[in-house]
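The values are calculated or read from the model by the stated rules, or taken from the named source; none is laboratory data. Just so you know, these numbers come straight off a predicted model, no measurement behind them. Cβ placement follows ideal geometry from the backbone for every residue including glycine, while neighbour counts extend to all protein chains displayed.
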Amino acid sequence: MAEGPWQVSERKGRLEVTAWVKALGEDLVVLLFGGAKPHIGAVGMAEPRPSLRDPKEISATSSVFTFLGHKEDVVAKAVAEDLAKALNRKVVVVAGMHWEGLREEEVEEVLRLCEALTRRIIEGFGGEV
């Protein structure tokens, strides 16, 4: 699957999150969207670096930009960091998801779906989860 572009989705009930994945040389771009109104809500970027605790381990430094009124910053940052660490690549994640009337447990489910997508992307590039 690796270089892409390719697409993966995770679903539970009415909730479905999709990732479009494309390698750009050694870098990676992921569009993460779901719900009835996909959009750009936040952009997260992460760069791998040696861990401060153990320089033999890979960690990541990240930044996020969130458009006014959006809450995708948590997901964009986490997915970008996890992918950068696991794949040792610079990563940009563009995230925008919207469902009407989400309950708290559904918000938690969306986060789990995003984690599952992250694992699948890592596996698609031959990385270890």
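A quick yes/no check of all residues on (1) touching a Ser or Thr at 6+ places or on another chain (Cβ under 9 Å); (2) farther than 29 Å from Glu108 by Cβ; (3) of a type in the set (Ser, Thr, Tyr); (4) modelled with pLDDT of 95 or more:
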residue: Ala2; (1), (2), (3), (4): no, yes, no, no
residue: Lys12; (1), (2), (3), (4): no, no, no, yes
residue: Leu15; (1), (2), (3), (4): no, no, no, yes
residue: Ala19; (1), (2), (3), (4): yes, no, no, yes
residue: Lys22; (1), (2), (3), (4): no, no, no, yes
residue: Glu26; (1), (2), (3), (4): no, yes, no, no
residue: Ile40; (1), (2), (3), (4): no, no, no, yes
residue: Gly44; (1), (2), (3), (4): yes, no, no, yes
residue: Lys56; (1), (2), (3), (4): no, yes, no, no
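Go through the residues of segment 53-64 one by one and say whether even a single one is under 23 Å from Glu16 (Cβ atoms) and either of a type in the set (Val, Ile, Thr) or surrounded by fewer than 19 Cβ atoms within 10 Å (Cβ to Cβ) (or both).
Among the residues of segment 53-64, not one is under 23 Å from Glu16 (Cβ atoms) and either of a type in the set (Val, Ile, Thr) or surrounded by fewer than 19 Cβ atoms within 10 Å (Cβ to Cβ) (or both), which makes the answer no.
With free of Cβ contacts under 8 Å to residues at least 24 places away in the same chain, within 22 Å of Arg119 (Cβ to Cβ), part of a strand (DSSP E or B) and of a type outside the set (S, T, N, Q) as the only criterion, which of Val21, Val64 stands out? Working first, answer last.
Working: Val21 fails: free of Cβ contacts under 8 Å to residues at least 24 places away in the same chain.
Being free of Cβ contacts under 8 Å to residues at least 24 places away in the same chain, within 22 Å of Arg119 (Cβ to Cβ), part of a strand (DSSP E or B) and of a type outside the set (S, T, N, Q) holds for just one of Val21, Val64, which is Val64.
Read through the list (1) assigned to a strand (DSSP E or B); (2) over 14 Å from Leu31 (Cβ atoms); (3) touching a helix residue (DSSP H, G or I) at 6+ places or on another chain (Cβ under 7 Å), then give the number of the only condition that Met97 fails.
With (1) assigned to a strand (DSSP E or B); (2) over 14 Å from Leu31 (Cβ atoms); (3) touching a helix residue (DSSP H, G or I) at 6+ places or on another chain (Cβ under 7 Å) applied to Met97, the lone miss is (2).
I'd like to know if segment 78-88 contains one or more residues that are without any contact (Cβ under 8 Å) to a residue 60 or more places away in the chain and either aromatic (Phe, Trp, Tyr) or outside any helix (DSSP H, G or I) (or both).
yes
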